[in-house]
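Input: a single structure, listed below in structure tokens.
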Amino acid sequence: MKYLRGDELSGGREILEELPLTETTFFILLSLSPNPKHGYAMMKDVEQLSEGRIRLSTGTLYGAIKRLLEDGWIKRVEDHNTQEDGRGRKVYALTRYGRRILNAEFDRLKDLVAAARQVYAEG
Amino acid sequence: MPTTTRLARHIYALCLGLYPSSFREAFADEMQVVFAKAAFETQRRGILALLGMIWREICGLLVGAVSEHWQALSRKELMMDETLEIDAGSGTAQLEMGSRYDPGTWRAALMAGLPHFLMGCFFATLSIVTAYEFATSRENLTNIIGITLAVIFAVLIGVVLLIGKRASWPSWVASWYPYAGILVMLPLLWLSQHLDQSDPLRYVMLVLPMTLALVMYLVARRNRLKVVLIALPVVTLLWGVFLEFFTPEVDVILGLWGWSLTAVVAVAIVRLDNWRLGVWLFLALSLLISLTSAVAFVYWNNIPAEHAPDRTIYEVVRFLVPQFLSFSILVLGPLLVWTLGELGQRSGPMGTPAFQLIFLGLLVVMVCFLGAVFLRDGSNYVLVYRFRDTGLSWLVTGATLGGIAVVFGSLMLGITAVINKVLSSRTTTILLVAVPLMLPLVFSIVYNNISGKASWLLAPLRDFPFVISTTIMLGWVLLGAWLVTRRFWKVEPRIR
């Protein structure tokens, strides 16, 4: 059986090919960067991080989650804080590969801002 | 939780049914929870905020469902239930990629389309040469060029099959199988042209369609993509028989249109490597080619006026429907039977015998109907043609007995499948059993417009008004295609 794990992917060129990220993807990854979260927390985070500009519907959020899982950028893990009925709740966490992509996007955006600042400073 | 929110959640849960089953099984529960939380939070801000949120959710759900279905058709979908495994040690998810999205290469896709394209060129060349032969009174030109091209094509088929064998028979080679089959069956085809109607050797003719049906069934057990690829040229070849009734210009245009379309569909199916999409593409191709050919046959034929069909839409439909139905059976039949077999295996000790009874019954019905076509009329090159009063009572008796076997087997299988709860939905179980049960009726409707004696059990629809029976049968095709392309089991059955 052939497995592909986000953690095992490497190579800077592969990461650069994934950039730039869409705003939604960027905010979803950013939301997961401090700690794993479940769907509703991600939805709220995205709204908050985007200052209310992006309000994800449940369908849009889970469509994005599915693609990110598929690409190995995030992973689904059991939440240790189980629900009242004793069943484990699923939460989502960044994979190492997903984190590298997020960092790369962050660096790209920083470079853009730095370039813009330099132009404004000179002007 | 307030009533409004609870109601909204129930409606949302229903709407989630719009998503593909693999997606639902992976995310539907979570999505309901998230939706309920969001609805509960928003309700506090007032009814207008709640309505806005519900509107956003409906839009997101509709767009998401369409997008997921499209991806499922392109085989990009993640079958979470099978492929996403939580690794207990590292807590990481593992995604099985190998069987998930593995599109064929462009080379493989083009190789699948090539034989149909060549056939198009072959027939167009022959038509042009024939026209030239008539105009210049040169004799035997068509024969010489036709035989030369046929020999070149035969050699090419041999080479391709050798390449296929070396590559362990990849899917694209299936596009070449029908032509190799024609070469193998050439002696029989030749014999059929030279046998007298009363010659008992005509029974040998049954070998042709029965071989095709059995090949389709056996291939369907191993590789469903190949079934679709094998069926594609059959549509174009059988409609090609009607081309002799057209003027040379229409003949060339229709031939090129049909073969090019077949080639394009074969390329698309292999490139996407998706048999489920292939089934729908096959039906679309079959409908399109049948429609254009039927229109051409009714409006642009060069048949003498006293024999020509009336130039009406009714005549177009009358020519179109039986052909379209029989081509649909060619693909849907083996796949439905295969699905029934799987249902039988999962339905306990009575399941398999019930399936075997259905299978046997269908086989008998098919032999009898084909027997009526081949033994009486000698229309050996058209699967569906005429079913006049054959006077062969064994055919009618056989078809009736076969039909009874199918009915009893289906009842047995349906009951045992429901008792054993093989499928979560009882309606789906009943549909899955009832739709193949209709196969003998579909055989009978194919002969709708033809007078003659038929088994009382197998031909009730024949006596219905044409519009009603046609609508029922087209509905059957859609339902059958939906059933064979549906994922019934969490773990797809292993290909034997």
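Any chance you could count how many residues in segment B:269-279 are in a helix (DSSP H, G or I) and more than 16 Å from B:P334 (Cβ to Cβ)?
5
Just the residues that are touching a helix residue (DSSP H, G or I) at 6+ places or on another chain (Cβ under 8 Å), closer than 19 Å to B:K37 by Cβ and free of Cβ contacts under 8 Å to residues at least 24 places away in the same chain, please, taken from segment B:7-23.
B:A13
From B:L357, B:L320, B:L291, B:L285, which residue is in contact (Cβ under 8 Å) with a residue 12 or more places away in the chain and surrounded by fewer than 17 Cβ atoms within 10 Å (Cβ to Cβ)?
B:L291
Taking only segment B:34-60 into account, find how many residues are under 42 Å from the mean Cα position of the chain (by Cα) and crowded, with 17+ Cβ neighbours inside 10 Å.
7
What are the residues in segment A:64-111 that are of a type in the set (D, E), touching a helix residue (DSSP H, G or I) at 6+ places or on another chain (Cβ under 9 Å) and at pLDDT 90 or above, if any?
The one that is of a type in the set (D, E), touching a helix residue (DSSP H, G or I) at 6+ places or on another chain (Cβ under 9 Å) and at pLDDT 90 or above: A:E105.
With respect to the numbered conditions (1) within 25 Å of B:I58 (Cβ to Cβ); (2) modelled with pLDDT of 90 or more, which one is the sole condition not fulfilled by A:S50?
Result: A:S50 fails condition (2) only.
Would segment B:225-232 turn up any residue that is more than 15 Å from B:S328 (Cα to Cα), assigned to a helix (DSSP H, G or I) and of a type in the set (V, I, T)?
Scanning segment B:225-232, I find no residue that is more than 15 Å from B:S328 (Cα to Cα), assigned to a helix (DSSP H, G or I) and of a type in the set (V, I, T), so the answer is no.
Which of the residues belonging to segment A:25-42 are within 11 Å of chain B (Cβ to nearest Cβ) and either in contact with a strand residue (DSSP E or B) (Cβ under 9 Å, 6 or more places away or on another chain) or farther than 17 Å from B:F35 by Cα (or both)?
A:P36, A:H38, A:G39, A:A41, A:M42
For segment B:241-272, give me each residue that is surrounded by fewer than 21 Cβ atoms within 10 Å (Cβ to Cβ) and either of a type in the set (S, T, Y) or touching a His at 6+ places or on another chain (Cβ under 6 Å) (or both).
B:T247, B:S260
Looking at this structure, is B:S67 more than 9 Å from chain A (Cβ to nearest Cβ), in a helix (DSSP H, G or I) and either modelled with pLDDT under 85 or surrounded by 14 or more Cβ atoms within 10 Å (Cβ to Cβ) (or both)?
Taking the combined requirement at face value, the residue does not satisfy it.
Just one of the numbered conditions (1) part of a helix (DSSP H, G or I); (2) modelled with pLDDT under 85 is not true of B:S168; which one?
All conditions pass for B:S168, except number (1).
A:R5: at pLDDT below 90 and crowded, with 16+ Cβ neighbours inside 10 Å, yes or no?
The answer is yes for A:R5.
Looking only at segment B:298-313, how many residues end up being hydroxyl-bearing (S, T, Y) and either at pLDDT below 80 or assigned to a loop (DSSP other than H, G, I, E, B) (or both)?
1
Return the pairs, sorted by first residue and then second, in which the second residue is of a type outside the set (A, V, I, L, M) and assigned to a loop (DSSP other than H, G, I, E, B), the first residue lies in segment A:43-70 and is more than 9 Å from every other protein chain (Cβ to nearest Cβ), the beta carbons are less than 6 Å apart, and the residues are 6+ apart or on different chains.
Sorted first by the residue in segment A:43-70, then by its partner, the pairs are A:E47/A:R55.
The values are calculated or read from the model by the stated rules, or taken from the named source; none is laboratory data. All of these numbers come straight from a predicted model, not from anything done at the bench. With ideal geometry, Cβ positions are generated from the backbone for all residues, glycine too; neighbour counts draw on all protein chains shown.
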